[in-house]
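Right, one structure below, let's go through it.
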Amino acid sequence: MALPLLRVREPLAPGARSAATALAFLLPLALWALVSYVPFIWHPQVLVTDPGDSAVPGTYDFIAANERVDVASFELRNEELSKAGAKLAAGERVNPIYLPAPHEVARAFYTAFTTAPERRGDYWLHESLWHSCQIIFWGFLYAALLGLPLGVLCGTFPLISQLCEPFIDFVRYMPAPVFGALAVAIFGLADAPKITIIFIGTFFQMVLVVANTTRQVEPALLHAAQTLGANTRQLLTRVVIPSALPHLYRDTRILIGWAWTYLVVAELIGEKSGISAFIYQQQRYRHFDNVYASIVIIGAVGLLCDQLLAFAGTFLFPWQSAPSPLARSLREVPRRLRAALSGAPRAEVEVSK
Amino acid sequence: MSTQLQLPSYKAQSAEVAARFSEIKQRPVVLDIDRLGKTFESTKGRITALKDVDFRVHRKEFVSVIGPSGCGKSTLIRILAGLESPSNGEVRLDGERTSGPCKDRGMVFQGYTLFPWLCVRDNVTFGPRMAGMSKAKAKEKAEAWLDVIGLRKFADHYPDQLSGGMKQRVAIARALANEPRILLMDEPFGALDAQTRAGMQSHLIKVWDSIDLTILFITHDLDEAVYLSDRIVVLAAHPGRVQEVIEVPVPRPRDRSQFLSPAFLATKNRLEELIYGSTGGEHMTEMTHAGP
């Protein structure tokens, strides 16, 4: 090959980039399909279609129709049956129930949403998912409402940093789930303790991350602002915050990921709820296709959310890096709207002055 | 080739230049640097960065500070701006002792310190807005300054969309929009390429000439110092102290053709001697002959 594929820190061509991104998903999928559809790769079990002459006694006479048994047990049973001269058992090689094939999971994407819950009182998948999103939203919102300002203050004023950060550093080593029992005792069984766990899981990390990011603000910008006459409050609101904001936004995107990791723990304390409860139920009914579908949905929701935020970022921080053509044209929309809407009235105001 | 150019003494001033200096000395003192000292405590013990630095800048004067690396130029200008405090002595602005940064001492930094989240216009209005000026009035003022630096067309651009020279022009306009009593410039053209730098020097002289502006300018470029300044304060290193204050005998208005004038070369020669300890004379003139 003329061009080596691996080149140190050489940016990829756009085509190669998209291809690699597609492969990132397609390769694991291909591996999964290979294991699922090609029998000799794994398929360690036999799904018994006909147990043969079940009257013949033996060590392996437990096998019955529609059961999954190890290949070894199945073969030993057939030995027993053939010695007795009885009808042999029949079956097909399958993977364990916990590894459904891609098409089964794909089907579950649809059926999981359309299948009624097995028990009355249980939730549909979309209800569970919506509930989870709400838990994440509120837990993260509270953490951000407190954590962002506190982190910015810590990153700006060494005194506040020294007053807060040592203790926060200490608390953040305590895994959020250990507060589960406490949260239930204080807030009861409903959503409050779950939101609390998300809050604890993200808040302490957030303060430290935000403080660190805020400390990265270019000191030269602060000096410049000082020589331009900015006072302490103005340095904070007019320099530190706008300068750190795009980076804080990026931090926030990463921290939402943290919130998702605490979601499962949070939903399993007290009264099980949300997507985790759904997965837990489906696992008990051995509907592993639904389990996989739910897990993939969590990933998809997280990824979608992050990509939306990334896209929104190009509007929020127009001075940062070149935006995509789509973002650029969309960014023009509010300006044109404003021009169209306020053209005449603004002219009047100026005249009246 | 041992032709030795006969240079006049750098102290020789034409009648016109001498008259200008005696007139400058009549003007009020804007910045009075009074026996300034700065010591740092380090692991290796106490380091004296500045010792008894003492000079004055008169109104509408252009003073450069030059010196070898380690002479404390940057420390000096940071103290003058109020970003650091002196260990001894004091800085007086129009007779008043200064402490901490304030808008009366504007500063232009070597690095581009424009606020990247503000467009060019909003960068220029930053100072007036901090002082509580209304948005409309500040905008009007900014446009006037953008005209002065010739960047009105770029008012809505973000700093990252500008070249290095343009950024520094905006930084100058931003500092001037505050109408400071003195403009401190810390190697403002140090990061620019030679051509842009030459353009910026001429531009700065023009701006300085057209308004009531006092400038203290730090540089390590000898040509730049001679070309721009009324007086040049030469610092020596270890500890940083004033070695000599030179009155530049090159008449104003200045232009780049004066770079090869005897007065210019004599001054540059003297700077070379003071800063690099060269014996000057022959070496310098030969270099000059080889030049354009």
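The set of residues from the range A:190-213 being small (G, A, S) and either touching a helix residue (DSSP H, G or I) at 6+ places or on another chain (Cβ under 7 Å) or within 14 Å of chain B (Cβ to nearest Cβ) (or both) comprises A:G201, A:A211.
If you filter the range B:13-27 down to residues that are farther than 13 Å from B:D230 by Cα and free of Cβ contacts under 8 Å to residues at least 12 places away in the same chain, you find that the one that is farthest from the chain's Cα centre (by Cα) is B:A15.
The residues on offer are B:I66, B:I77, and the sole one that is surrounded by fewer than 24 Cβ atoms within 10 Å (Cβ to Cβ) and either over 16 Å from the mean Cα position of the chain (by Cα) or more than 9 Å from every other protein chain (Cβ to nearest Cβ) (or both) is B:I77.
Report yes if B:H203 is under 28 Å from B:K51 (Cβ atoms) and not aliphatic (A, V, I, L, M), otherwise no. Judged against the criteria, B:H203 is not a match. Among all residues of the range B:222-245, there is none that is in the same structural domain as B:D54 (by TED's automatic domain parsing), assigned to a loop (DSSP other than H, G, I, E, B) and free of Cβ contacts under 8 Å to residues at least 60 places away in the same chain. Scanning the range A:292-307 for residues that are surrounded by 13 or more Cβ atoms within 10 Å (Cβ to Cβ) and free of Cβ contacts under 8 Å to residues at least 24 places away in the same chain returns a single hit, A:I295. Exactly one residue out of A:F62, A:F109 is free of Cβ contacts under 8 Å to residues at least 40 places away in the same chain and either among the polar types (S, T, N, Q) or not assigned by TED's automatic domain parsing to the domain that holds A:Y285 (or both), and it is A:F62. I'm trying to understand the selection: among the residues of the range B:105-124, which are aliphatic (A, V, I, L, M) and under 15 Å from the mean Cα position of the chain (by Cα)? Once the filter is applied, which keeps residues that are aliphatic (A, V, I, L, M) and under 15 Å from the mean Cα position of the chain (by Cα), the range B:105-124 yields B:M107, B:V108.
Quick one: would you say B:D52 is in contact with a strand residue (DSSP E or B) (Cβ under 9 Å, 6 or more places away or on another chain) and of a type outside the set (V, I, T)? Answer is yes for this residue. B:L83 passes every criterion in (1) within 28 Å of B:I24 (Cα to Cα); (2) among the hydrophobic types (A, V, I, L, M, F, W, C); (3) in the same structural domain as B:P188 (by TED's automatic domain parsing) apart from (1). Quick check: anything in the range A:304-316 within 24 Å of A:F199 (Cβ to Cβ), in contact with a Leu (Cβ under 6 Å, 6 or more places away or on another chain), of a type in the set (D, E, K, R) and in the same structural domain as A:V184 (by TED's automatic domain parsing)? Scanning the range A:304-316, I find no residue that is within 24 Å of A:F199 (Cβ to Cβ), in contact with a Leu (Cβ under 6 Å, 6 or more places away or on another chain), of a type in the set (D, E, K, R) and in the same structural domain as A:V184 (by TED's automatic domain parsing), so the answer is no. Against the test of being within 24 Å of A:Y285 (Cβ to Cβ), of a type outside the set (V, I, T) and surrounded by 12 or more Cβ atoms within 10 Å (Cβ to Cβ), the options A:D70, A:D50 yield a single qualifying residue, A:D70. The residue list B:T125, B:T113 contains one member that is among the polar types (S, T, N, Q), at pLDDT below 95 and crowded, with 22+ Cβ neighbours inside 10 Å, which is B:T113. For beta carbons closer than 6 Å, sequence separation of 6+ or different chains, a first residue in the range A:78-101 that is closer than 27 Å to A:A293 by Cβ and a second that is among the polar types (S, T, N, Q) and surrounded by 13 or more Cβ atoms within 10 Å (Cβ to Cβ), the qualifying pairs are A:V94/A:Q45; A:P96/A:Q45; A:A101/A:S36. Test A:T232 against the stated conditions and say whether it is touching a residue at least 12 places away in the same chain (Cβ under 8 Å) and of a type in the set (S, T, Y). Judged against the criteria, A:T232 is not a match.
For a quick check of your reading: which helices (runs of 4 or more DSSP H) sit entirely within the range A:214-291 and have at least 3 residues that are crowded, with 18+ Cβ neighbours inside 10 Å and within 14 Å of another protein chain (Cβ to nearest Cβ)?
A:219-227, A:241-268
The residues of the range B:81-90 that are more than 10 Å from chain A (Cβ to nearest Cβ) and either at pLDDT below 90 or in contact with a strand residue (DSSP E or B) (Cβ under 6 Å, 6 or more places away or on another chain) (or both), listed by number, are B:P86, B:S87, B:N88, B:G89, B:E90. Please find, within the range B:91-110, the residue that is nearest to the other protein chains (Cβ to nearest Cβ) out of those that are surrounded by fewer than 18 Cβ atoms within 10 Å (Cβ to Cβ) and without any contact (Cβ under 8 Å) to a residue 24 or more places away in the chain. Among residues in the range B:91-110 that are surrounded by fewer than 18 Cβ atoms within 10 Å (Cβ to Cβ) and without any contact (Cβ under 8 Å) to a residue 24 or more places away in the chain, the one nearest to the other protein chains (Cβ to nearest Cβ) is B:G100. Of all residues in the range B:149-166, those that are more than 10 Å from chain A (Cβ to nearest Cβ), surrounded by 19 or more Cβ atoms within 10 Å (Cβ to Cβ) and part of a helix (DSSP H, G or I) total 2. The number of residues in the range A:93-124 being modelled with pLDDT under 85 and either crowded, with 20+ Cβ neighbours inside 10 Å or within 28 Å of A:L255 (Cβ to Cβ) (or both) comes to 2.
The values are calculated or read from the model by the stated rules, or taken from the named source; none is laboratory data. Note that this is a predicted model, so its numbers are computed, not measured. Note that we place each Cβ from the backbone using ideal geometry, even for glycine, and neighbour counts take in every protein chain shown.
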